[in-house]
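Quick notes on the structure that follows.
The values are calculated or read from the model by the stated rules, or taken from the named source; none is laboratory data. What you see is a predicted model, and the numbers here were worked out from it, not measured in a lab. All Cβ positions, even for glycine, are placed from backbone atoms using ideal geometry, and neighbour counts span all protein chains on display. The area values use the complete protein model at the heavy-atom level, side chains included, leaving out ligands, DNA and RNA. Shrake-Rupley method; radii C 1.70, N 1.55, O 1.52, S 1.80 Å.
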Amino acid sequence: LQAEARAAAALNHPNVVTVYDVGETGGKHYLSMEYMDKGNLEDRVKNGAKLEEREVLDILRDALSGLVYAESRGIVHRDLKPANLMQNHVGATKIADLGLATHVESEEATGGDKKVFGTPHFLAPEQARGERVDSRTDLYSLGATAYRLLTGKTPFEGKDTREIVRSVLRDEPKPMRESTPQLSDGVVALVDRLMKKEPSQRFSGAAETLREVERLRDV
């Protein structure tokens, strides 16, 4: 809890959920954070519902704005997913749950065996292998998040975590148009690029991705 609070407090941005206080009372630890009236995005799609393309582009724009700032501070979230994107009463999307966040410098300095953190459905391949992560790892997870919001499905399925991770490493996601045929070419290409297995084939960072999202919003 203390580590999560420190990571969250390090970020002060309109698209990152604000942490106000952390402490202990009566033997219980607490974290006081900004109230997000509309909850998280997973709640909106958990029963197979889908969001409209335009709304998803707006969500991506907000999330990427937060990631540009996090990237400038050398912080990688490592667990981006619909449940960690929350909305307030005016519909602004903010990144929540920085409990798995890490500084790139500390990631590089860590030796020995790596633990694998993250949620299987939204885990980048390099993360699943326990390799070094950077801002492009978050971009993969954001792409998998967009896939879920647009189709109501997760990119990979399996009976357990092992099967899902195996698919993340080896398989390609089912084409989004199988479940959402009306998606535009631009959005399909955007998600496909974000979810490339090799980090070098994704966008170079959040800023470049944000420019592409803004271009698609203006089309």
Exercise for the section: Loop sites only, by DSSP: take the chymotrypsin sites (Phe, Trp or Tyr not before Pro) in the chain that have at most 15 other C-beta atoms within 10 Å and name the longest stretch containing none of them. Expected result: 118-219
Practice task
Leaving ligands, DNA and RNA out of it, report the carbon-plus-sulfur percent of the accessible area of the chain at a 1.4 Å probe.
Solution key: 47 percent
Practice task
Write down the accessible area per residue of the chain in Å², having rolled a 1.4 Å probe over the full set of protein chains.
Solution key: 50 Å²
Practice task
Would you work out the charge dipole size for the chain about its Cα centre, treating the Cβ of every Lys and Arg as +1 and the Cβ of every Asp and Glu as -1, and quote it to the nearest 20 debye?
Solution key: 440 debye
Handout entry: Area projected by the alpha carbon convex hull of region 29-96, averaged over all directions, nm²
Key = 5.7 nm²
Handout entry: trypsin sites (Lys or Arg not before Pro) restricted to region 111-219 and DSSP loop, no more than 12 other C-beta within 10 Å
Key = Lys115, Lys159
Exercise for the section: May I ask for the equivalent-ellipsoid semi-axes of the chain, computed as the square root of five times each C-alpha gyration tensor eigenvalue and listed largest first in whole Å? Expected result: 26, 21, 17
Handout entry: For region 113-219: rounded, prolate or oblate by the Cα gyration tensor [a/c cutoff 1.5]
Key = oblate
Problem - Simple spin-label estimate for Lys197 and Ala92 in nanometres, 7 Å along Cα-Cβ - result: 4.1 nm
